[in-house]
Every structure is written in structure tokens, then in C-alpha cells.
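The values are calculated or read from the model by the stated rules, or taken from the named source; none is laboratory data. Here the structure is a predicted model, which means the values were calculated and not measured. Quick reminder, even Gly has a Cβ in these numbers, built from the backbone with ideal geometry, and neighbours come from all protein chains shown. When the accessible area is computed, the model is the full protein with side chains, heavy atoms only, and any ligands, DNA or RNA have been set aside. Shrake-Rupley method; radii C 1.70, N 1.55, O 1.52, S 1.80 Å.
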Amino acid sequence: MDSSLPLLLYLLLLLAVLLGWAAGAWLQRRPQLPLRYVLTFSGAYLLGIAVFHQLPSIYDSHAHHYGLFIMLGFFLQLILETFSKGVEHGHAHPEAFPQGSLPYSLLISLYLHAFLESLALQSHGDPGHFPVLLWGILVHKVPVAIILYGLLRQLARRNWQVALGMLFFALMAPLGALLTQLWPFLQDFYHEVSALVFGIFLHISTTILFEADKGHHFHRIKFSIIILALALAYLSVLH
């Protein structure tokens, strides 16, 4: 099989952000509809894809230094979130940014996050690898795009600023996927890149899932959504 990635993959990465953009605009008129269940599903599904599929793929060569890259990805995401204020896992804090302009620190952090996670979308001679990871990224990207759109609508002074911020966000993941094809050395370090991305996913997904509800009550709906998402993630990795 050719190691190049199909055009459909790039289109799906773009469409995920456009879908989140459209959903964000729709939800602006319906603020009473919560996103927490969508975020819970995306976090659990992403965690399932990472553990059921990505982790075994990383360690198929039994090299222990990959653990260093997992920890690097985990703490890199922690650093990125000091600038994004947690948009990746559902937090929007417009008060943390100046009104009337684009929140550049947040955007750069999200752009870098979207770029890095897509670096693991390389076929690398494994025809079953990238579609599974792709679904995890897409499911995660839609709610992030919804939250980003809502935040930009509150902060930006003009509509073109909102559109520009969203368009650049939409382009980051396809750019990262494309560079893995243009730069062969990234494919040579496939396991290290995957381990780095796994660490990023681990931080985001566990943060989404384990942020406590008010009063730390057991939430049956949330728990059911988590189980459903993990089951679907497990089924998606079966061949």
C-alpha cells in the first residue's frame, strides 16, 4: 500500500472544524444547551482510541524510551493549557483575554496542539493505523471548535477576525498531516511522534473525564456516556 494519506483524510480534518464552527453559531442562540455530554463522549472516546490502539502500536518494538516521549507530550500539553486556558477540554474564560482583539496566546496554543496531534496521522506502511486515530481526533476536534467559536465571538470586534481565527485552526491539522508525508524524517521517528501525541491525548482526555461534578456526586448519565464511548472506541480498533 502507498504510504501517502488520502485526500479524504484532509477533508475530514477540515470538515470537523467547519462542523464545530456551524454548531457553535447555532448554539449561540441556544445557550441553555450544555456541551458537557459532548465533551464527556469526546474525552472518553479519545482515551479509548489512545489506550486500545495507539499505546499498543507505540510499544510494538518494546523500546522503553518511548515512555519519555509520552511524559513529554503530557507535560507539553500542560504548558500549552497555561496559554489556552483549557479550551481543549471544555473551558472558556473570556475574562482572561483583552476584549476587542483576537486572543493570540490562546490561538497559537490551540494551533500548535492541532498541528502536533496530526503528526501521528501517518500510514507508515500500516494501512490500519491512521483511520482509527483519525476518528479520535475528529470526535475531539468538533467540541473544541464549538468552544473556540463561542470564545472568539465574545472577544473579537469584527466577524472577519472570528473567521480568520477559525480558518487557521481548521488548517493546522491538515498541515501537520501533510508535513508527515513531505518530511520523511518524521516517519523515521513514527513511534516517538506517536508517543508524544499519546501523552497529549492522555492529559486532555483524563482532564475531561475526571473533573468533578458539583458536590462530587456519581453522575449516571456521564458514566453511561463514558462506557458507551469506550465501547465504541474498542470496537473501532477491532479488525
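Looking at the range 227-237, can you tell me whether even one residue there is under 20 Å from residue 88 (Cα atoms), at pLDDT 85 or above and β-branched (Val, Ile, Thr)? No: zero hits. Listed by first and then second residue, the pairs with beta-carbon distance under 9 Å, at least 6 apart or on different chains, first residue in the range 67-87 and within 18 Å of residue 111 (Cα to Cα) and of a type in the set (Ser, Thr, Tyr), second at pLDDT 90 or above and open to solvent by 100 Å² or more (accessible area, probe 1.4 Å), are 84/108.
Picking from 115, 210, which residue would you name as being over 15 Å from the mean Cα position of the chain (by Cα) and surrounded by fewer than 19 Cβ atoms within 10 Å (Cβ to Cβ)? Going through 115, 210 in turn, just one is over 15 Å from the mean Cα position of the chain (by Cα) and surrounded by fewer than 19 Cβ atoms within 10 Å (Cβ to Cβ): 210.
For the range 134-154, does any single residue satisfy the condition of being more than 24 Å from residue 35 (Cβ to Cβ), at pLDDT 85 or above, of a type in the set (Lys, Arg) and open to solvent by 50 Å² or more (accessible area, probe 1.4 Å)? Step through it out loud before you land on a result.
Step one: filter the range 134-154 for residues more than 24 Å from residue 35 (Cβ to Cβ), giving none.
Within the range 134-154, none of the residues are more than 24 Å from residue 35 (Cβ to Cβ), at pLDDT 85 or above, of a type in the set (Lys, Arg) and open to solvent by 50 Å² or more (accessible area, probe 1.4 Å).
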